[in-house]
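Here's the structure we're looking at; comments come further down.
The values are calculated or read from the model by the stated rules, or taken from the named source; none is laboratory data. No experiment lies behind these values; they were computed from the predicted model shown. Methodologically, a virtual Cβ is constructed for each residue, glycine included, from the backbone with ideal geometry; neighbour enumeration extends over all protein chains shown.
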Amino acid sequence: MLKIQDLRCKVETQDGEEKPILKGLSLDVPAGEVHAIMGPNGSGKSTLSYVLTGRDGYEVTGGSMEFAGEDLAALAPEERAALGLYLSFQYPVEIPGVPTITFLKEALNAQRATRGEEEVSAPQFMKLIREKAKQLNVSMDMLKRPVNVGFSGGEKKRMEILQALVLEPKFLILDETDSGLDIDALKIVSDGVNALRAPDRGMLVITHYQRLLDHITPDVVHVMADGRIVKSGGPELARELEAEGYDKYLGEAA
Amino acid sequence: MSLTLSHIPAEQALIDALDGATGWRAQLRETTRKDGLPTRRHELWKWSDLRRAANDVTGVGALTVSGLDALAQLADGDRIELAVRASAGASAGDAELVVPGGTSVTLVERLHGEAGALGNWHLNVRIEAGGRLDRIVVADHHESAVFIGSAEITLDEGATLNQTLIDSGAKLSRNETHIAHPGQGASVELGGAYILAAGRHADTTTVVHHTGPGGITTQLVKGAVASGGQGVFQGKFIVDRAAQQTDARMTHRALMLGEKAEIDAKPELEIYADDVQCAHGNALGTLDETALFYMRQRGLPEAKARALLIESYLAEPLDMVRDEALRDELKVWLRTRLGALT
């Protein structure tokens with residue numbers, strides 16, 4: 001479903017210098033599987049999520065990334081979203097003045113329009129969002145507030161998963177979704193993610209710690225260091241990393 | 001040695017148009033005869049060079065105002081609509097409004113300068129004790145129009161003014177509001193939003209003169225300017241020695257939507273009392289790129305995401321409009337202008 005081959009990418013730093021971050025990354029996530037990417041800070045995990053979704057300033061310098069048979073690099077961020085690629089942000093963005101509910105309805109209908117599907121009517125949408133909000137313990141009052149404005153870290157992460165439940169993407173990238181969550185919120189969020197597991201849906205779970213993977217059991221765990229996947233294995237690899245740390249992989253990458 | 005000012009055609013046309021006029025229009029005629037139209041060398045007009053903008057204006061035009069009859073007899077709860085239209089050429093017109101004590105009136109002024117117009121419109125307002133005026137000005141001009149709207153508003157004790165001004169600009173569009181604020185229970189709210197495409201200019205100039213104790217003034221003006229557009233904000237609060245315990249807050253914020261957008265702002269406080277709460281804030285910025293990416297990641301096309309961000313930014317001053325239907329109408333107007341911009 002998602003095929004990344006020898007991907008290379010550079011990023012322009014604040015001083016205007018260009019820095020290579022991804023240095024030949026290869027990864028293949030078939031439909032129905034959940035893959036985790038673990039790695040130390042600075043290994044390029046977040047960069048991977050931005051390159052896949054098309055953020056400005058992340059330039060592909062080599063290799064390929066293919067999703068649902070399409071070359072992602074050729075598509076605008078909104079076209080990738082309409083294809084079904086969804087990023088749950090590490091730091092969800094605040095948008096003052098735009099109510100969450102309005103934003104989500106606009107987003108859903110924009111995606112549907114791009115795919116040539118009919119718009120969802122207001123009553124249909126309200127029914128849909130009520131049902132999903134309940135699932136994540138989000139109040140309608142919260143949904144009327146501007147996107148992420150004044151929300152706690154945990155509330156923001158819950159909102160990210162709620163948006164995914166409403167938009168029903170084909171592929172989810174969860175970037176450090178566990179950061180800022182207490183135990184209860186972690187449970188709610190992971191339940192939401194697990195509810196999205198489906199034979200026709202893939203997931204890439206990016207995380208620094210093993211904690212999240214106790215709740216969302218991955219099919220495959222990859223270790224990322226210095227812009228490459230340096231080792232892949234089963235769920236046991238996550239526990240090994242938790243016990244031993246990343247040191248030995250840092251050595252291998254260098 | 002005597003110096004005679006040589007008038008440009010627009011000045012001569014304005015003087016001709018006001019032949020035999022009285023009151024405010026006579027003053028305008030004499031000022032124009034003596035000094036010509038103001039240029040950027042006048043401190044108050046340094047970002048709005050009227051003489052230069054009116055360079056192509058020739059001949060006498062007509063300023064027509066519909067709805068004036070309603071001003072003569074006002075009842076509590078009235079909503080008055082004035083449509084002010086300036087045809088090509090120089091023209092000027094004025095009107096007077098007295099809001100009787102204890103009554104609440106809504107006034108909507110729709111200003112439209114046609115192509116090649118130099119329109120001047122002036123309103124003289126008195127809000128009597130305990131009266132309330134909700135004034136909405138919609139400046140919606142042709143891109144080659146030059147239009148100056150001005151108002152002198154005097155409040156009595158306990159009177160309330162709530163003004164909202166929206167402007168999509170013109171070759172030169174200026175809205176001046178001069179307010180005499182007596183304090184003593186009187187309060188003033190000034191809202192404004194401008195949205196400017198390339199080649200368009202809008203100038204919001206306000207002076208609030210606090211003369212008595214305990215006055216409250218709140219001002220929020222927001223703008224969005226595309227490359228090649230020019231937004232001007234000149235706000236001034238004067239607080240006399242006698243106007244102790246005045247609470248006056250001025251905020252101007254604007255978005256530069258392109259590298260060649262120009263925004264000129266001059267917020268001023270002139271305070272002679274020592275026990276007051278006065279503040280002004282002025283901030284210019286650009287659209288939040290991170291928010292833009294977030295919205296696109298959720299599937300919104302870039303143009304739509306931009307429009308939504310600008311709209312939500314400019315909507316804040318419109319939320320001060322009390323009448324819900326009117327507020328919605330202004331937001332639709334704004335959305336339409338935004339659609340034309342992106």
Determine which member of the set A:GLN163, A:GLN124 is among the polar types (S, T, N, Q), surrounded by fewer than 17 Cβ atoms within 10 Å (Cβ to Cβ) and modelled with pLDDT of 95 or more.
A:GLN124
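Residues are listed down the side, and each one gets a yes or a no for (1) over 30 Å from A:PHE171 (Cα atoms); (2) within 14 Å of another protein chain (Cβ to nearest Cβ):
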| site | (1), (2) |
| --- | --- |
| B:LYS260 | yes, no |
| B:GLU270 | yes, no |
| B:VAL276 | yes, no |
| B:GLY281 | yes, no |
| B:THR286 | yes, yes |
| B:LEU292 | no, yes |
| B:LEU308 | no, yes |
Restricting segment B:49-86 to residues that are part of a loop (DSSP other than H, G, I, E, B) and out of contact with any Ser or Thr (no Cβ under 8 Å at 6 or more places or on another chain), which is surrounded by the most Cβ atoms within 10 Å (Cβ to Cβ)?
B:VAL57
If A:LEU2 satisfies every condition in (1) crowded, with 19+ Cβ neighbours inside 10 Å; (2) of a type in the set (A, V, I, L, M); (3) within 13 Å of chain B (Cβ to nearest Cβ) but one, which is the exception?
(3)
Those residues that are among the polar types (S, T, N, Q) and on the phi < 0 side of the Ramachandran plot, I need them from segment B:142-192; list them, please.
B:SER144, B:SER150, B:THR154, B:THR160, B:ASN162, B:GLN163, B:THR164, B:SER168, B:SER173, B:ASN175, B:THR177, B:SER187
Looking across segment A:33-77 at residues that are assigned to a loop (DSSP other than H, G, I, E, B) and in contact (Cβ under 8 Å) with a residue 40 or more places away in the chain, the single one that is nearest to the other protein chains (Cβ to nearest Cβ) is A:GLY57
How many of the residues making up segment B:310-329 are part of a helix (DSSP H, G or I), within 10 Å of chain A (Cβ to nearest Cβ) and surrounded by fewer than 18 Cβ atoms within 10 Å (Cβ to Cβ)?
1
B:ASP16 being assigned to a helix (DSSP H, G or I), surrounded by fewer than 16 Cβ atoms within 10 Å (Cβ to Cβ) and out of contact with any Asp or Glu (no Cβ under 9 Å at 6 or more places or on another chain):
yes
Quick one: which of A:GLY150, A:GLY154, A:GLY192 is of a type in the set (Gly, Ala, Ser) and part of a loop (DSSP other than H, G, I, E, B)?
A:GLY150
Of all residues being among the small types (Gly, Ala, Ser) and buried (at least 22 other Cβ atoms within 10 Å of the Cβ) in segment B:294-306, which is nearest to the other protein chains (Cβ to nearest Cβ)? Just the residue, please.
B:GLY299
Residue pairs within 7 Å by beta carbon, gap of at least six or interchain, first lying in segment A:87-106 and facing chain B (nearest Cβ under 8 Å), second surrounded by 20 or more Cβ atoms within 10 Å (Cβ to Cβ) and part of a loop (DSSP other than H, G, I, E, B), listed first then second, are A:PRO92/A:ASN148; A:VAL93/A:ASN148; A:GLU94/A:ASN148; A:ILE95/A:ASN148; A:GLU106/B:LEU300
Suppose the filter is farther than 23 Å from B:THR290 by Cα, without any contact (Cβ under 8 Å) to a residue 24 or more places away in the chain and of a type outside the set (Phe, Trp, Tyr); does A:PRO123 pass it?
yes
Within segment A:107-124, considering residues that are assigned to a loop (DSSP other than H, G, I, E, B) and either among the charged types (D, E, K, R) or out of contact with any helix residue (DSSP H, G or I) (no Cβ under 8 Å at 6 or more places or on another chain) (or both), the one nearest to the other protein chains (Cβ to nearest Cβ):
A:ARG115
Members of segment B:132-185 that are acidic (Asp, Glu) and in contact (Cβ under 8 Å) with a residue 60 or more places away in the chain
B:ASP134, B:ASP140
